[in-house]
Amino acid sequence: MARANDEAADLIQELADLLSITGGDGFKIRAYEKAARAIAGHPDDISGMDLAGLRKIPAVGEAIAKKVLDYNATGTIRQVEDLRAQIPAGVRALTAIPTLGPKKALAVYEELGISSVPELAEAIKEGRLRGLKGFGAKTEDNILHGIDLMRQAGERVLIDVAADLAEEIVAALSPLAERCTHAGSLRRMRETIGDVDILAASTEPRPIMEAFTALPFVTDVIASGDKKTSIRTTRGLQVDLRVVPPESWGAALQYFTGSQGHNIRTREIAVRAGLKLSEYGLFSAESGELIVSETEEEVYERLGLPWVPPTLREDGGEIEAALKNELPRLVTAQDLRGDLHSHTDLTDGVATLEEMVAAAAERGLEYYAITDHAPNLFMQRMTDEKMLAQREQVRELQAKYPDLTLLHGTELNIDPDGEVDWDADFLAGFDVCVASVHSAFTQSQAEMTRRFVRACENPHVHVIGHPTARLIGKRSPVDADWDEVFRAAARTGTALEVDSFPDRLDLPADLIRRARRLGVKFSIDTDAHALGHHRNIRYGVGTAQRGWLTPDDVINTWPLDRLRAFLRKRS
DNA sequence: GCCGTTTTCGGCCCGACTGTTTTCAGTCG
């Protein structure tokens, strides 16, 4: 279920979109967009707030606060409803076509009555756009091509797909540039990526641009210049390459990492200080003289801010925290001493116990839990005997790893009533128990909430695995009253997992942030089912950072004795 | 519509590329 903040933010963003089509004042539109971002990123729930409380949210003034009150009372905003009556939903949908923005959408609607994507395609084929001001042959081609792209793929990809592609491109271009790296939403570790941004530093952009467009997976060159080139890959992903002079590296990296909202905030700070910030550097507004540009740290410092980690740059309160010098010291992969969730070929893993443990040792971990599936996930055919035999194997293997403590655990199934697979006596034999929802995903919110709360209250359940059970792009998150679940987890000393699988990333970052505020602890795990899955940990860490987690919030950064004390729960 | 150790009025982030224009508007990030 969408949170009130997100729903209200969507309505205000829609108001901005509709106004941009009807030709509303550009500054007013940007004010709405800014407020929408601020509301979506605001940590507190807006649903219970009064006018004064709402106005404390940055970028929310009298008028927008009243619109939010309208939303709180009625579930919608009157001005949005009024504009919807004037502009058919299909016209707003037209602006989703690449190269077609609000101005062109309004033109085809007003001049030709076109209010849907199929109608527009039809009109172009019939030649009805000819003679319309601003629409030439090339524009028609671009619109048809854009519609095609929208139809085939155009969707966002999982972070590992984007990361692998970026790595390949950076490897190919690095020999030609002084520096080369990825930026954009991938550097911010968003859970899905719409397009990949690559940044290179060089005084000779031409050869880099040529090498880029000649890469084997390039199907389409969308734009190409000396400073910027955009291509599309065989799987429909857009990649933008920017080449800047080496001395501009820091300012360019800051700029191309975004987010857009974060950049607007930093540029506003610059303007107020009599400066001008662009991808080429921080300049004096008056003389145009360059002040700094070589590193991100310098740029932030000159703006009066500490360096802001990319995973926080969402205009979600990080500017305010930075101004007060209260940015969190974020958890990193190096902080992790252990992994509390993994599988072997005893159930659905594809590597042996010995191989998985060797991979954990390779990661430099101090402790590592094997947590194969429990018997109620019937297809895994677990039995008490198999589990006990594995425990013996784990104890024997321990002798080979003096620097790595092996923990024997299991991943339990939380049944629809909140019960788990084994009785208390058997459960007491495990070092660590993860418990997860693997079935009955469609229970009502009340049932699901009770289910999680009961699981937390089980003294032998230490970690709730991939709590929302979502599969990005495939299965929606289960519906629960998350704040109530979080309060139960905090009260009972049950950690919530941050599962590192690229299609899970579960808990998601926004829920992590809410849970943290309620005192919850977390475990960042790979849920590895194969040797290669160990490297997914970076995505779990990125998600945890986006949830503002510090090492102290994460139980598997703790020394083993502190972890063991936590695992005793409130015995 | 928001906001103020430059302002309660008059500002508001900045630049690249494309296409349709003859000097710039639209779109995008």
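The values are calculated or read from the model by the stated rules, or taken from the named source; none is laboratory data. Because the structure is predicted, anything quoted here is derived from the model rather than measured. Here the Cβ is made from the backbone with ideal geometry for all residues, glycine too, and neighbour counts use every protein chain on show.
Tell me, which residue of region A:160-196 that is in a strand (DSSP E or B) and in contact (Cβ under 8 Å) with a residue 60 or more places away in the chain is surrounded by the fewest Cβ atoms within 10 Å (Cβ to Cβ)? Before you say what the answer is, go through the steps one by one.
From region A:160-196, those in a strand (DSSP E or B) are A:179-182, A:192-193, A:195-196; that's our starting set.
Going one step further and asking which of them are in contact (Cβ under 8 Å) with a residue 60 or more places away in the chain, we end up with A:179, A:181, A:192.
On the way: A:ARG179: 15, A:THR181: 19, A:THR192: 17.
It comes out as A:ARG179.
Only one of these conditions is not met by A:ALA214: (1) without any contact (Cβ under 8 Å) to a residue 40 or more places away in the chain; (2) small (Gly, Ala, Ser); (3) on the phi > 0 side of the Ramachandran plot. Which number is it?
Of the numbered conditions (1) without any contact (Cβ under 8 Å) to a residue 40 or more places away in the chain; (2) small (Gly, Ala, Ser); (3) on the phi > 0 side of the Ramachandran plot, the odd one out for A:ALA214 is (3).
Is it the case, given these coordinates, that A:ARG329 is in contact with a Ser or Thr (Cβ under 8 Å, 6 or more places away or on another chain), more than 14 Å from DNA strand B (Cβ to nearest atom) and either more than 19 Å from A:GLY184 (Cα to Cα) or in contact (Cβ under 8 Å) with a residue 24 or more places away in the chain (or both)?
On the way: in contact with a Ser or Thr (Cβ under 8 Å, 6 or more places away or on another chain): yes; more than 14 Å from DNA strand B (Cβ to nearest atom): yes; either more than 19 Å from A:GLY184 (Cα to Cα) or in contact (Cβ under 8 Å) with a residue 24 or more places away in the chain (or both): yes.
The answer is yes for A:ARG329.
Are any residues in region A:34-50 surrounded by 13 or more Cβ atoms within 10 Å (Cβ to Cβ) and not charged (D, E, K, R), and if so, which ones? Give the derivation first.
Filtering region A:34-50 down to residues surrounded by 13 or more Cβ atoms within 10 Å (Cβ to Cβ) leaves A:34-44, A:46-47, A:49.
Within region A:34-50, A:ALA35, A:ALA36, A:ALA38, A:ILE39, A:ALA40, A:GLY41, A:HIS42, A:PRO43, A:ILE46, A:SER47, A:MET49 meet the criteria.
Only one residue in A:LEU290, A:LEU241, A:LEU253 is within 20 Å of the chain's Cα centre (by Cα) and more than 23 Å from A:ALA40 (Cα to Cα). Which one? Write out each step before concluding.
Working: A:LEU290 fails: within 20 Å of the chain's Cα centre (by Cα); A:LEU241 fails: within 20 Å of the chain's Cα centre (by Cα).
One residue alone meets the criteria, A:LEU253.
Looking at region A:285-297, is at least one residue more than 9 Å from DNA strand B (Cβ to nearest atom), touching a Leu at 6+ places or on another chain (Cβ under 6 Å) and not acidic (Asp, Glu)?
Yes, there is a match, as at least one residue in region A:285-297 is more than 9 Å from DNA strand B (Cβ to nearest atom), touching a Leu at 6+ places or on another chain (Cβ under 6 Å) and not acidic (Asp, Glu).
Take the conditions under 30 Å from A:TYR539 (Cβ atoms) and either of a type in the set (S, T, N, Q) or surrounded by fewer than 20 Cβ atoms within 10 Å (Cβ to Cβ) (or both) and apply them to A:THR203. Does it pass?
Working: under 30 Å from A:TYR539 (Cβ atoms): no; either of a type in the set (S, T, N, Q) or surrounded by fewer than 20 Cβ atoms within 10 Å (Cβ to Cβ) (or both): yes.
So A:THR203 does not fit the description; no.
Has region A:341-352 got any residue that is within 24 Å of the chain's Cα centre (by Cα), in the same structural domain as A:ARG546 (by TED's automatic domain parsing) and at pLDDT 95 or above? Give the derivation first.
If we filter region A:341-352 for residues that are within 24 Å of the chain's Cα centre (by Cα), which is where we start, we get A:341-342.
When the remaining residues are screened for being in the same structural domain as A:ARG546 (by TED's automatic domain parsing), the result is A:341-342.
Next, only the ones that are at pLDDT 95 or above stay: A:341-342.
Yes, because at least one residue in region A:341-352 is within 24 Å of the chain's Cα centre (by Cα), in the same structural domain as A:ARG546 (by TED's automatic domain parsing) and at pLDDT 95 or above.
Between a residue in region A:129-142 that is without any contact (Cβ under 8 Å) to a residue 12 or more places away in the chain and any residue that is near DNA strand B (Cβ under 6 Å from one of its atoms) and outside any loop (DSSP other than H, G, I, E, B), which pairs come within a Cβ distance under 9 Å, given they are 6 or more apart or on different chains?
A:ARG130/A:ALA137
Where residues in region A:260-311 are among the polar types (S, T, N, Q) and buried (at least 18 other Cβ atoms within 10 Å of the Cβ), which of them is farthest from A:ALA35 (Cα to Cα)? Spell out the reasoning first.
Here is the first cut: in region A:260-311, the ones among the polar types (S, T, N, Q) are A:260, A:263, A:266, A:278, A:284, A:287, A:293, A:295, A:311.
Those still in the list that are buried (at least 18 other Cβ atoms within 10 Å of the Cβ) too: A:263, A:266, A:293, A:311.
Details: A:ASN263: 15, A:THR266: 16, A:SER293: 30, A:THR311: 21 Å.
Among those residues, the one meeting the criterion is A:SER293.
Buried (at least 17 other Cβ atoms within 10 Å of the Cβ) and of a type in the set (Lys, Arg), is that true of A:LYS104? I'd like the intermediate steps shown before the answer.
On the way: buried (at least 17 other Cβ atoms within 10 Å of the Cβ): yes; of a type in the set (Lys, Arg): yes.
Yes, satisfied.
Can you say whether A:LEU18 is surrounded by 20 or more Cβ atoms within 10 Å (Cβ to Cβ), farther than 23 Å from A:ARG514 by Cβ and at pLDDT 90 or above, as far as the supplied structure shows? I'd like the intermediate steps shown before the answer.
Working: surrounded by 20 or more Cβ atoms within 10 Å (Cβ to Cβ): yes; farther than 23 Å from A:ARG514 by Cβ: yes; at pLDDT 90 or above: yes.
Here the answer is yes, as A:LEU18 does meet what is asked.
Spot the failing condition for A:PHE486; the list is (1) closer than 25 Å to A:GLU320 by Cβ; (2) touching a Phe, Trp or Tyr at 6+ places or on another chain (Cβ under 8 Å); (3) free of Cβ contacts under 8 Å to residues at least 40 places away in the same chain, and only one is missed.
(2)
How many of the residues making up region A:408-432 are in contact (Cβ under 8 Å) with a residue 60 or more places away in the chain and either β-branched (Val, Ile, Thr) or in contact with a helix residue (DSSP H, G or I) (Cβ under 8 Å, 6 or more places away or on another chain) (or both)?
So in region A:408-432, the residues in contact (Cβ under 8 Å) with a residue 60 or more places away in the chain come out as A:409, A:411, A:431-432.
Narrowing the set further to residues that are either β-branched (Val, Ile, Thr) or in contact with a helix residue (DSSP H, G or I) (Cβ under 8 Å, 6 or more places away or on another chain) (or both) leaves A:431-432.
Result for region A:408-432: 2.
This table checks each residue for (1) at pLDDT 95 or above; (2) surrounded by fewer than 19 Cβ atoms within 10 Å (Cβ to Cβ).
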{"residue": "A:VAL463", "(1), (2)": "yes, no"}
{"residue": "A:HIS466", "(1), (2)": "yes, no"}
{"residue": "A:ARG470", "(1), (2)": "no, no"}
{"residue": "A:ASP479", "(1), (2)": "no, yes"}
{"residue": "A:ALA489", "(1), (2)": "yes, no"}
{"residue": "A:THR492", "(1), (2)": "yes, yes"}
{"residue": "A:GLU497", "(1), (2)": "yes, no"}
{"residue": "A:SER500", "(1), (2)": "yes, no"}
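Do we find a residue being more than 9 Å from DNA strand B (Cβ to nearest atom), closer than 21 Å to A:SER248 by Cα, not assigned by TED's automatic domain parsing to the domain that holds A:ALA96 and not aliphatic (A, V, I, L, M) anywhere in region A:153-167?
For region A:153-167, residues more than 9 Å from DNA strand B (Cβ to nearest atom), closer than 21 Å to A:SER248 by Cα, not assigned by TED's automatic domain parsing to the domain that holds A:ALA96 and not aliphatic (A, V, I, L, M): absent.
Which one of these does A:ARG232 not meet: (1) more than 10 Å from DNA strand B (Cβ to nearest atom); (2) among the charged types (D, E, K, R); (3) not assigned by TED's automatic domain parsing to the domain that holds A:PRO205?
(3)
Would you list the helices (runs of 4 or more DSSP H) that sit entirely within region A:453-571 and hold 2 or more residues that are charged (D, E, K, R) and under 18 Å from A:VAL432 (Cα atoms)? Quick ask: steps written out before the conclusion?
Numbers: elements: A:482-492, A:509-517, A:537-546, A:560-567.
Once the helices (runs of 4 or more DSSP H) in region A:453-571 are filtered for at least 2 residues that are charged (D, E, K, R) and under 18 Å from A:VAL432 (Cα atoms), what remains is A:560-567.
Looking only at region A:106-118, decide whether some residue is outside any loop (DSSP other than H, G, I, E, B), hydroxyl-bearing (Ser, Thr, Tyr), within 16 Å of DNA strand B (Cβ to nearest atom) and touching a Pro at 6+ places or on another chain (Cβ under 8 Å). Walk me through how you get there before you give the answer.
Narrowing region A:106-118 to residues outside any loop (DSSP other than H, G, I, E, B): A:106-112, A:117-118.
Then keep just the ones that are hydroxyl-bearing (Ser, Thr, Tyr); that gives A:109.
The next check asks that each one be within 16 Å of DNA strand B (Cβ to nearest atom); those that pass are A:109.
Right, trim to touching a Pro at 6+ places or on another chain (Cβ under 8 Å) and you get A:109.
Within region A:106-118 (the criterion being outside any loop (DSSP other than H, G, I, E, B), hydroxyl-bearing (Ser, Thr, Tyr), within 16 Å of DNA strand B (Cβ to nearest atom) and touching a Pro at 6+ places or on another chain (Cβ under 8 Å)), the answer is yes, since at least one residue qualifies.
Based on what the data block shows, is A:PRO502 more than 21 Å from A:GLY349 (Cβ to Cβ) and touching a Leu at 6+ places or on another chain (Cβ under 9 Å)?
Values: more than 21 Å from A:GLY349 (Cβ to Cβ): no; touching a Leu at 6+ places or on another chain (Cβ under 9 Å): yes.
In short, no.
Which members of region A:73-95 meet the condition of being buried (at least 16 other Cβ atoms within 10 Å of the Cβ), polar (S, T, N, Q) and either over 12 Å from A:LEU15 (Cα atoms) or away from DNA strand B (no atom under 15 Å from the Cβ) (or both)? Before the answer, list the steps.
The first filter runs over region A:73-95 and keeps only residues buried (at least 16 other Cβ atoms within 10 Å of the Cβ), leaving A:77, A:79-80, A:83, A:87, A:90-92, A:94-95.
Still in the list and also polar (S, T, N, Q): A:79, A:95.
A:THR95 - this is the single residue of region A:73-95 that is buried (at least 16 other Cβ atoms within 10 Å of the Cβ), polar (S, T, N, Q) and either over 12 Å from A:LEU15 (Cα atoms) or away from DNA strand B (no atom under 15 Å from the Cβ) (or both).
Condition test on A:GLU279, is it of a type in the set (Asp, Glu), within 20 Å of A:THR181 (Cβ to Cβ) and either near DNA strand B (Cβ under 10 Å from one of its atoms) or without any contact (Cβ under 8 Å) to a residue 12 or more places away in the chain (or both)?
Working: of a type in the set (Asp, Glu): yes; within 20 Å of A:THR181 (Cβ to Cβ): yes; either near DNA strand B (Cβ under 10 Å from one of its atoms) or without any contact (Cβ under 8 Å) to a residue 12 or more places away in the chain (or both): yes.
Taking the combined requirement at face value, the residue satisfies it.
Mind checking which residues of region A:32-61 are of a type in the set (Lys, Arg) and more than 8 Å from DNA strand B (Cβ to nearest atom)?
If the condition is that a residue be of a type in the set (Lys, Arg) and more than 8 Å from DNA strand B (Cβ to nearest atom), then A:ARG37, A:LYS56 are the ones that fit.
Of all residues in region A:119-138, which are within 12 Å of DNA strand B (Cβ to nearest atom), in a helix (DSSP H, G or I) and loosely packed, with under 12 Cβ neighbours inside 10 Å?
Answer for region A:119-138, where residues must be within 12 Å of DNA strand B (Cβ to nearest atom), in a helix (DSSP H, G or I) and loosely packed, with under 12 Cβ neighbours inside 10 Å: A:ALA137, A:LYS138.
Return a yes/no flag: does region A:382-391 have any residue that is modelled with pLDDT of 95 or more and within 34 Å of the chain's Cα centre (by Cα).
no
Restricting the search to region A:179-229, which residues are under 16 Å from A:PRO245 (Cβ atoms), in contact with a Leu (Cβ under 9 Å, 6 or more places away or on another chain) and near DNA strand B (Cβ under 8 Å from one of its atoms)?
Hit for region A:179-229 is A:LYS228, nothing else.
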